[in-house]
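Peer 1: One structure, pasted below without further comment.
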Amino acid sequence: MGISASSHGEGVVEIVMDAPPVNALTVRGWFDLAGAVREAGRDMRTRVVVLRAEGRGFNAGVDLKEMQADGDFTALVGANRGCFEAFAAVYECEVPVIAAVHGFCLGGGVGLAGNADIVVASDDAYFGLPEVERGALGAATHLARLVPQHLMRAMVYTCRTVTAAELHAYGSVLEVVPRERLRDAALEVAAQIAAKDPQVIRRAKESLNGIDPVDVRRSYRFEQGFTFELSLTGAGDRHRDAFVSDRAT
């Protein structure tokens, strides 16, 4: 369990998140994920990365129990830095990253999927940012890469979710497949990319990042500053405590 990486076929690296019960990653988990993605991209044998998860859903964000058990802001700072590193690792990976999303993709999950090059999803997948209800902000930067601007704002304010089918209609999800077909579908897309000239694909990734209209690192870091403000004023702790308490009952 945790974060694992394995090679499949010609240049395909599969990175798997497996952190029961809901793939809400600890501080270490986020940094481990960032390290696995960066290691894969720096290996010249790698042509494409598939990022997926085991369990009930793709990713539920940060481990709020770890954060609230901390006596100070160490875990909060660690989680913010860990998420920043993991999202950046996906975006900056030298080769294309395919996110294979099933079940829930919430908070940090949206950060990962939104920074991926391609998203393939199962028909039970849904995406959203519950941050406002947790006394935090963040990953609107990445949600804006998946949905239109006004819907992104409505999703942030109301914490509503959207389905994989809706994202497919927007063009931000490449394929929607039955759950049991998800891994195979992602690996099929990966094989198509891996069959191309790896030097050209690496330059294509670099060039596409270079023409992005938004600097995702700076934009997300700006958002994170408001999470710290909410925590310092007490709103963050109040909402996180309520969430952890509700989950415990």
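Each row is one residue, and each column tells you yes or no for (1) part of a helix (DSSP H, G or I); (2) of a type outside the set (A, V, I, L, M); (3) within 16 Å of GLU10 (Cβ to Cβ).
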| site | (1), (2), (3) |
| --- | --- |
| ARG181 | yes, yes, no |
| LEU187 | yes, no, yes |
| LYS196 | no, yes, yes |
| VAL214 | no, no, no |
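Peer 1: Given the options GLY171, GLY135, name the one that is at pLDDT below 95 and surrounded by fewer than 23 Cβ atoms within 10 Å (Cβ to Cβ).
Peer 2: Matching residue, one of GLY171, GLY135: GLY135.
Peer 1: Check off (1) surrounded by 23 or more Cβ atoms within 10 Å (Cβ to Cβ); (2) touching a helix residue (DSSP H, G or I) at 6+ places or on another chain (Cβ under 7 Å); (3) over 27 Å from THR227 (Cα atoms) for GLY82 and give me the number that stays unchecked.
Peer 2: (3)
Peer 1: Among the residues of the stretch 223-238, what is the count of those that are in a helix (DSSP H, G or I) and either more than 23 Å from ALA88 (Cα to Cα) or without any contact (Cβ under 8 Å) to a residue 40 or more places away in the chain (or both)?
Peer 2: 9
Peer 1: Hey, another quick one. Could you list, in sequence order, all residues of the stretch 184-224 that are within 13 Å of ASN115 (Cα to Cα) and either charged (D, E, K, R) or over 21 Å from the mean Cα position of the chain (by Cα) (or both)?
Peer 2: LYS205, ASP212, ASP215, ARG217
Peer 1: Just to confirm my filter: which strands (runs of 3 or more DSSP E) fall fully inside the stretch 110-172 and include at least 2 residues that are more than 20 Å from LEU187 (Cα to Cα)?
Peer 2: Here the list reads 126-128, 161-163.
Peer 1: Go through the stretch 8-31 and count every residue that is at pLDDT 95 or above and either buried (at least 21 other Cβ atoms within 10 Å of the Cβ) or in a strand (DSSP E or B) (or both).
Peer 2: 15
Peer 1: Name the single residue that is surrounded by the most Cβ atoms within 10 Å (Cβ to Cβ) among those in the stretch 141-168 being among the small types (Gly, Ala, Ser) and touching a residue at least 40 places away in the same chain (Cβ under 8 Å).
Peer 2: ALA164
Peer 1: Going by the structure shown, is GLY234 out of contact with any helix residue (DSSP H, G or I) (no Cβ under 9 Å at 6 or more places or on another chain) and under 19 Å from PHE87 (Cα atoms)?
Peer 2: Answer is no for this residue.
Peer 1: Given ASP70, ASP18, which one is free of Cβ contacts under 8 Å to residues at least 24 places away in the same chain and of a type outside the set (Ser, Thr, Tyr)?
Peer 2: When all the criteria are applied, what remains is ASP70.
The values are calculated or read from the model by the stated rules, or taken from the named source; none is laboratory data. What you see is a predicted model; the values in this text were computed from it and never measured. When we count neighbours, we look across all protein chains shown, and the Cβ atoms used for this are built from the backbone with ideal geometry, even at glycine.
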